[in-house]
Amino acid sequence: MEELEATKIATILVVDDTPDNLALMSNLLNGKYKVKVANDGPKALRIAASDDPPDLILLDIMMPGMDGYEVCRLLKLDPATMNIPVIFISAKTEIEDETKGLELGAIDYIAKPVSPPIVMARVKNHLALREKNIELEQARAIAEKASLAKSDFLSSMSHELRSPLNAILGFSQLMAADTPPPTTAQNESLDQIQQAGWHLLKLINEILDLAKIESGQVSMFEEPVSLADVMLECKNMIEPQVRQRGIGLYFPEFESPQFVHADRMRLKQVLINLLSNAIKYNTLQGTVEVACTASSPGRIRISIKDSGTGLSPEQLRQLFQPFNRLGQEASGVEGSGIGLVVAKRLVEMMGGGIGVESEVGVGSVFWFELNTVAAPHLDTAEGTAMSLAGSGEPHPARTKTVLYVEDNPANMRLVEQIVARHPHIRLLNAVNGHNGIEIARSATPDTILMDVNLPDISGFEALEILRNDPFTRHIPVIAVSANAMPLTIETGLKAGFFRYITKPIQIDEFMRVLNLALEFAEHRTVNEPTDRVSGID
């Protein structure tokens, strides 16, 4: 639909089989509007669908052959004419006639004999309304285009920033675990590289998260989530930071299972953020205590209490403001001032609330609340898969073959060096999707590692081809990608990836997932050789 320019004279199509009525309406509208006339339905439809369509149609009902109702119905069925506003002008004054006309899509109904001032006022008002609707539609289209561009930019930035970090952090982890081990000075340098690298990754993630949240691009996969399981995972993730600062960390023991309605990944993100802050801004040899209490019926509160310096009333008023570190910039403690903002938005998106209580010199208690739910029912298949999640190395009875499909030489070399330390695994390489599919068909590896952004076809397309081939459909495929957008991860798991690993790779987690996939593949070979592998989370 073209925008009505300020200088353009609107065109009105008058449709009536009576010459006197056509003359009357033409004389009334001429001078202010450009007028076109039609004395039957087919001609009206041709004019409406022409290269120069009217901006508004005044349509009589009682016409021979094709009446006004049928003309209106056909106008609304054609995408080229469906948005042209129609005003019925008719001597049929029964309420049923007016109702029928409006139900067919007309915007107004004027009874004959017409009042010229009323006709002119309604034409003017509906043309103005149409112009506003066009402006709103154009603004919506521009906003959608900008949103799509922002989404593409965020995805591209995430990928481009993570790819070099994968090499930096991956090879530094390998060097730290070398045999013979690095010297003390080398270890100190490697620690600095890794500390700076993981901090940079955290900043990238937080900035991208905030941008995605503010643009409404964060998707939530909410389900019943076990608090005990999430806290155990977070405890394992946070323990190196705890040991480094000598902090006493205490988690609650659950006498009975507690489940909340949340996105598992986002819940862990919130909890890790609050735990990390409680440790970073604590005193040396301080304590952090995590508690879970019922705050109200159907609601549970997760509290993180620290023994830090506490916050003043002025600092409390400035909490949850982007990039505001509350004067900690000179403290030497790394941070961005984004984490708490992201945590607050994520909790609210999960239907919860977040808050803090603090006293200077005593410490702070950050808390958030979520809705509780009943424990989910786990079927036998899921129970089998979950039982494998805690497994260690696969059974070393035979060498396992892993195919890695990756076009980046540094990433390929990194995985080659990781796998070389595990003699029970043989690694095959492919530099693009089609090459990977050919090798998968000929070598039938136990597991496939698949980059998502490949030079010929995407990892998603390659996965679909593998899933549709009876010779490869049983092979678990793990996505290994720098595309860490939550929606892409969710889409990948739904598409059939066994797991989705994001770059930069954490070597211990990478091997845990790879071993899980190898053991899962062996289990399926023995028990379920024809079933399709699905993503496990």
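General observations
- Each of V15, N205, V123 was scored by the projection of its Cα onto the charge dipole of the chain, and the greatest displacement toward the positive side belongs to N205; charges sit on the C-beta of Lys, Arg, Asp and Glu.
- GluC sites (Glu not before Pro) within the stretch 55-123: DSSP coil, no more than 13 neighbouring Cβ in 10 Å: E94
- C-alpha center-to-center spacing [the stretch 86-110, the stretch 184-260] in angstrom: 63
- Of every Cα-Cα pair in the stretch 11-114, the percent that sits beyond 18 Å: 41
- Every helix of 4 or more DSSP H residues in the chain counts as -39500 (n - 2.57), and over all residues that averages to -16000 deg cm²/dmol at 222 nm.
- Checking every one of the GluC sites (Glu not before Pro) in the stretch 206-303 against DSSP loop status and a limit of 11 other Cβ atoms within 10 Å picks out E253, E255.
- Cα-based values for the stretch 380-527, radius of gyration first and Dmax second, are 14.1, 41 Å.
- Based on the convex hull around the alpha carbon atoms, the stretch 80-171 presents an average projected area of 9.5 nm².
- Counting every C-alpha pair in the chain, the share spaced more than 31 angstrom apart comes to 62%.
- 3J(HN,Hα) from dihedral phi, the stretch 233-238, Karplus parametrisation 6.51/-1.76/1.60, rounded to Hz, x for glycine, proline: 5, 5, 4, 5, 6, 8
- Helix 19-29 axis, angle to the chain major axis (alpha carbon atoms, nearest 10°): 60
- With coordinates expressed along the principal axes, the C-alpha atoms belonging to the stretch 221-377 extend over 50, 30, 24 Å, beginning with the largest.
- Helix axis angle, 409-420 relative to the chain longest principal axis, alpha carbon, degrees: 40
Any read-out appearing in this document is the output of simple, stated calculations on the displayed coordinates, not a laboratory observation. Just so it is clear, the model here is predicted, and its values are computed rather than measured. We place every Cβ from the backbone using ideal geometry, glycine too, and count neighbours over all the protein chains shown.
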